[in-house]
Structure formats: structure tokens, C-alpha cells
1. How large are Rg and Dmax for region 4-94 when only the alpha carbon atoms are used, in Å?
2. Can you return the lysines within cross-link range of Lys17? Criterion is Cα-Cα under 30 Å, with same-chain partners fewer than 8 residues away left out.
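Computed from the coordinates by the stated procedures, all read-outs in this text should not be read as laboratory data. These numbers come from a predicted model, not from an experiment.
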Amino acid sequence: MINAEAIRLVRHMECGKAGCACHSGRKHGPYYVLSNRSGGRGSYSYLDPGEAARVRTLVLRYREFRRGLQRLQKVNVELVSLLRRYQQAQLRRTGVKLGAGVVART
Ligand SMILES: [Zn+2]
């Protein structure tokens, strides 16, 4: 399974040959390589330009989704915190704990 967090699209590459011009700036390519590295393990696959464009779009959308999800989590934490403050204020004022279901009065 691809870890979308770690996906990178690489266009120009350096090879393993010592003294090759690619090591002094003139890299090989363009190739579209989908590289996926996580926890030291990596895998890669070559894409044609059409696939590369599609993957780039998907990766951008995924990152946007992740940003949105993080914002949502932050808002949720704030909401829970405000709700707790509100519950405590209500409890102090009325003696009734909100959101605790049916409260048995003794
Ligand atoms: Zn080279």
C-alpha cells in the first residue's frame, strides 16, 4: 500500500555512475518517478507523463484533505474544551451537570 504522506514525484535524477555529468547538475530525465519512502523502506515506479499529472493532482488533493482534517481536529479540541467550561459553569450555577444523561438526584 502506498503511503500518500511520503509520495514524491521526481523528474530529474542522478544515476549511480561515478563521474557522470548528472552529479554536477545535468541530471537525467525528465522521468516521472513515484517514490514512496517511509520508515527507511522505499519503493518507486515509473509513470508516463499523463499518469504523473494525474498522480500530482491526487497528491495535492490528498494534502489539502489532510490540512482540512487537521483544522477540523483543532476546532474539535477547542469545541470540547469550551463545552467542558460551559458544563462546569452550568453545574456551578444550577447544580445540574449537562450532557451527563439522566442524573439521579439523591
Ligand atoms: Zn548519470
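1. Over region 4-94's Cα set, Rg and Dmax evaluate to 23.3, 80 Å.
2. Filter leaves Lys27.
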